[in-house]
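**Q** Next up is a structure, given as C-alpha cells.
No value in this document is a laboratory result; all are computed from the given coordinates. Model, not experiment: these values are computed from the prediction. Every residue, glycine among them, receives a Cβ derived from its backbone with ideal geometry; neighbour counts consider all protein chains shown.
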Amino acid sequence: MADTKGKRLLDSIKKKGQNLEAEMSFFDHLEVLRWHLIRSCVAIVIFTGLAFAYYDFIFDKIILGPKSPSFWTYRMMCQIAERFHLSDDYCIRKIDFNIINTEMAGQFTLQMNSSLLAGLVLGFPYLLYEIWRFVKPGLTDKERTSASGFVFYATLLFILGILFGYFIIAPLSITFLANYTVSDIIQNQITIDSYLSSVATLTLGTGIVFELPILIFILSKMGVMTPRFMRASRRYATVIILIIAAIITPTPDILTMLTVSFPLFILYEVSIMISARVEKRREKALLSRD
C-alpha cells in the first residue's frame, strides 16, 4: 500500500516537472521570438532613417511618379497605342488634379509615414529571414530542405508584386480616378494623405497578394489545401480574380482588367503546381515508410 502511494507521488512529481519544463520551454520560445522581432524592428528603423535622409528623391521620383505624365507606364501606353493604332484614350498626356495639404503638421506627418512605409518595404526581406530563423529549429531535416528557399522566393514574389502594383495597378487607378469627373464645376483637389494612402494600399496590397504561392505551400504542408480542391475550384477562383481585378482597377475597359487579372491567374496556376508537388512528396514519404 505504501509502495503504491509512493509510486503515485513520484508520478505526480514527474508530471509536474514535465509541465514546468514545458512552460519554461514555451516562455523560452517567446523570448527567442521577442529578439527576432526586435532585430526586425531595428532593421526597419534603419531603413526608415535612410528613407528619411533621402526623402527628396523618394517623394519626387517615387511617390509622385504616378502623377506625372512622363511616368514609365504612361510612356509605354502611348507607345503601345501608337504601334497598334489604338484609341488616343490609352495615351495619358494629362493627369488633372492638384495635391494639397489641409493640416498644420500634414507635411511632417507625410514625411514620417512615407519614410516608415519605405522602411517596411525595404526591411521586409530581413523580416522574412528572422521568421525563417525562428521556425527553422522546429523543422525536420526534410522540411528544412524543402523549405530552404522560403526567404528567397517569398522576397522575390513580394518584389514582383510591389513592382506590378506600382507600375501597373497604381498608375491605372490614379489616372482613372483623377480624370473622372461628374461635373466641370467640381475641381479635383486631392489631399496628400489620400494620395499617399491610395499609392501605398495598391502597391503593398499587390505585394501581399503575390505571396499566394507561399501561403498555398504552407497550407499544403499542413494538409489543409490540396491540388484536387484547387483544380475543382478553378471556376470560382476565376470569378473571384476578375472581381478583385475590377475592384483594384476601376477602369471601364476590359483590356485593363485583363491586364491586372492575368498575373493573378498565373499565380493561381503556380499555386496548384506547388500544392501538387507537396502532395506528391508526402505520398512518396508515406510509401517509403511502408
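**Q** Once the piece of chain linking PHE152 and ASP60 is laid out straight, how much longer is it, given 0.36 nm per residue of separation minus the C-alpha distance between them?
**A** Gain in length upon complete extension: 30.1 nm.
**Q** Taking the Cβ-Cβ separation of ARG83 and LEU177 as r and a Förster radius of 22 Å, what is the calculated FRET efficiency to the nearest 0.05? Let's see the in-between values first.
**A** Numbers: r = 27 Å, r/R0 = 1.22.
It comes to 0.25.
**Q** Another one. Using alpha carbons only, how many degrees (0 to 90, rounded to 10) separate the axis of helix 254-289 from the longest principal axis of the chain?
**A** 20
**Q** Just to be sure I understand, if you calculate Rg/Rh (Cα atoms, Kirkwood Rh) for this structure, which of [x] 0.96; [y] 1.12; [z] 1.08 do you get?
**A** Answer label, from the structure shown: [y].
**Q** Within the chain, which cysteines find no other Cys whose Cβ is under 4.7 angstrom from their own?
**A** Lone cysteines by the Cβ rule: CYS41.
**Q** Per Stokes-Einstein, at 25 °C and 0.890 mPa s, what whole-number D in µm² s⁻¹ belongs to segment 134-290, with the Kirkwood radius over Cα pairs as the hydrodynamic radius?
**A** So the translational diffusion coefficient is about 137 µm²/s.
**Q** Does anyone have the angle between helix 2-53 and the longest principal axis of the chain? Alpha-carbon axes, 0 to 90°, nearest 10?
**A** The angle comes out at about 20 degrees.
**Q** Mind giving me the nanometre distance, one decimal, between the label points for ARG34 and PHE265, set 7 Å out from Cα along Cα→Cβ?
**A** Reported label-point gap for ARG34 and PHE265 is 5.1 nm.
**Q** Another one. Mind listing the long-range amide H neighbours of THR191? Cut-off is under 5 Å, sequence gap 5 or more, other chains count too, H placed in the peptide plane at 1.01 Å from N.
**A** Sorted by chain and number, the residues that satisfy this are ILE100.
**Q** Let me have the relative contact order for segment 32-111, percent, based on Cα pairs under 8 Å that are six or more residues apart.
**A** Values: 29 pairs, mean separation 17.6, N = 80.
RCO, segment 32-111: 22 percent.
**Q** Within the chain, what is the number of lysine pairs with alpha carbons under 20 Å apart, leaving out pairs fewer than eight places apart on the same chain?
**A** So the count of such lysine pairs works out to 13.
**Q** Also, I was wondering about something else. Under the rule of -39500 (n - 2.57) per DSSP H run of 4 or more residues, summed and divided by the residues of the chain, what mean residue ellipticity at 222 nm is obtained, to the nearest 500 deg cm²/dmol?
**A** -25000 deg cm²/dmol
**Q** If you don't mind, there's one more thing I want to ask. State, to one decimal in nm, how far the label point of MET273 lies from the label point of LEU160, with both points 7 Å from Cα in the Cβ direction.
**A** Rounded to a tenth, the inter-label distance reads 0.9 nm.
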